[in-house]
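Note sheet for the following structure.
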Amino acid sequence: MSVEITSTPVIVLSKTPYRESSLIVVGISPDYGRISLMCSGARKISGTSYVTVDLFRELSVEFTESRSTLKNAREIEILSTNDKLPEYPAHFRLAGKMAAFLLANIKDDLPLPYTYDSFSSVLSHLSCSTPEEQRWTPVQCAVVLKTAFLCENGLLPQSSDERSADFLENVVAAGIDNSALPKCPADYWAKLNEWLGNVIDINGLRKQ
């Protein structure tokens, strides 16, 4: 009987040591939403290799399908490390809060391509790997992820104001494409972030 092998991009949201050298990894995938992986030998370090699986890294993971929610990773390739993120403590804390929010609210086997792409974009800005003149502020990063998640899950309130609706659509598009955000006064981002937080509360989503 042949074993079905699948691959998908994954951003690591949490990792838990298992036995001597393995990790249980939970991440977000554009194809599977929340995905849990058993990564055997992922903690091994030799003279010619290093730990591949780490928080906020974007990976291409090949795994075997199973009825269990815990899938066995076979091959792992790094797509993006975001390893400079810990050099910016405030940014690292914000990424941790975002990861906690996603872990608390995304579901298994529910594709979330918009949220995945937006989180990938946000991490590139928080790790300062984008050119400085194009970099999003932490508040803008929060707005991008919240807007993408709420929009993709059908939780973003419909606005009768066409300009406001277009603005939010452009925020989602920027998150997906990692492109320039729509222009607006600086203080509007803080107000929008607060409003999105209220929408999250109203919908009973867990913040962590």
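The values are calculated or read from the model by the stated rules, or taken from the named source; none is laboratory data. Predicted model, so just to flag it, every value in this text is computed and none were measured. We place every Cβ from the backbone using ideal geometry, glycine too, and count neighbours over all the protein chains shown.
Quick look at the numbers
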| quantity | calculated |
| --- | --- |
| Pick from segment 129-152, criterion part of a loop (DSSP other than H, G, I, E, B) and in contact (Cβ under 8 Å) with a residue 24 or more places away in the chain, ranking: surrounded by the most Cβ atoms within 10 Å (Cβ to Cβ) | 136 |
| Every pair of residues 6+ apart whose Cβ atoms lie under 8 Å, when the first sits in segment 186-208 and is under 19 Å from residue 166 (Cα atoms) while the second is not in a helix (DSSP H, G or I) | 189/137; 199/155; 199/156; 199/157 |
| Segment 67-92 residues that are over 18 Å from residue 9 (Cβ atoms), paired with ones that are β-branched (Val, Ile, Thr) and surrounded by 13 or more Cβ atoms within 10 Å (Cβ to Cβ) (beta carbon under 8 Å, 6 or more apart) | 70/24 |
| Residue match in segment 137-151 (condition: in contact with a Phe, Trp or Tyr (Cβ under 8 Å, 6 or more places away or on another chain), farther than 21 Å from residue 80 by Cα and modelled with pLDDT under 95) | no |
